[in-house]
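In what follows, a structure is listed as structure tokens, so that the remarks can point back to it.
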């Protein structure tokens, strides 16, 4: 089930978006849609559980671009698509890393062509999100950008190019949370590495995005095999 937030201050437009989504649903692709009539309502009620946000730009007091900028402070990974008649502003979507924009009035076929890009991204394991609980807040992080995670006392630190996050959780629980979201393998008792960022394996260490981590002797054979399998899979 793909969770979608529709943000538009006109009920008739929200209904049209729902019709377009129903047009795209199949036995294997189902949507769980939540509607918001204003940017303020959306931002107040928002939780990092959505896969895609379909947002108008003309939203009254807070426009869609401003709302998207506020959204990016708490959720850097959710897919944003502007659905608007203000194409001249929608092209500024790069400011909030928007995937695309769809111009009103909506056409089901055009909507489907644009929306398929979002579905491909959502279905990619490396693009799957995990939720990290940090200091009482829920933070959405793209699993694919995590370089490695490590134990720090009773906490886990998630290392990514966008910054590090800390969660009160065990390494085993974090490993279970990651599941099939990318290829993560232990290089020692306290660190779990994303194969995507491994650039070299040495005698007693592994280079992860320029950083050298300890490769335990007991983990080396399994780690080397996992890396070889990963590379073989990438080349297929």
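A few remarks follow.
- The chain - mean residue ellipticity at 222 nm from DSSP helices (-39,500 (n - 2.57) per run, n ≥ 4, rounded to 500): -10000 deg cm²/dmol
- Global form of segment 128-235, assessed from the alpha-carbon gyration tensor, a/c cut-off 1.5: prolate
- For the chain, a Gaussian network of Cα nodes joined below 10 Å ranks 16, 225, 104 by mean-square fluctuation, and the top entry is 225.
- C-alpha long axis of helix 11-24 to longest principal axis of the chain, angle in °: 50
- Cα gyration tensor shape of segment 2-123, rounded if a/c is under 1.5, else prolate or oblate by comparing a/b with b/c: rounded
- With contacts taken as Cα pairs under 8 Å at a separation of at least 6 residues, the chain carries a relative contact order of 12 percent.
- Counted over the chain, the DSSP beta bridges are approximately 60% antiparallel.
- Using alpha-carbon coordinates, inclination of helix 108-123 to the longest axis of the chain, degrees: 20
- Cα gyration tensor shape for segment 65-134, rounded if a/c is under 1.5, else prolate or oblate: oblate
- Relative contact order of segment 128-235, pairs being alpha-carbon contacts under 8 Å that are 6 or more residues apart, as %: 19
- Between 0 and 90°, nearest 10: helix 217-235 axis offset from the chain longest Cα axis: 40
- Kirkwood estimate for the chain, i.e. one over the average of 1/r between Cα atoms, Å: 19.5
- Sequence-distant contacts, meaning Cα pairs under 8 Å at least 6 residues apart, place the relative contact order of segment 1-138 at 22 percent.
Only the coordinates and a few stated rules stand behind these numbers; no lab work does. If you're wondering where the values come from, they're calculated on a predicted model, not measured in any experiment.
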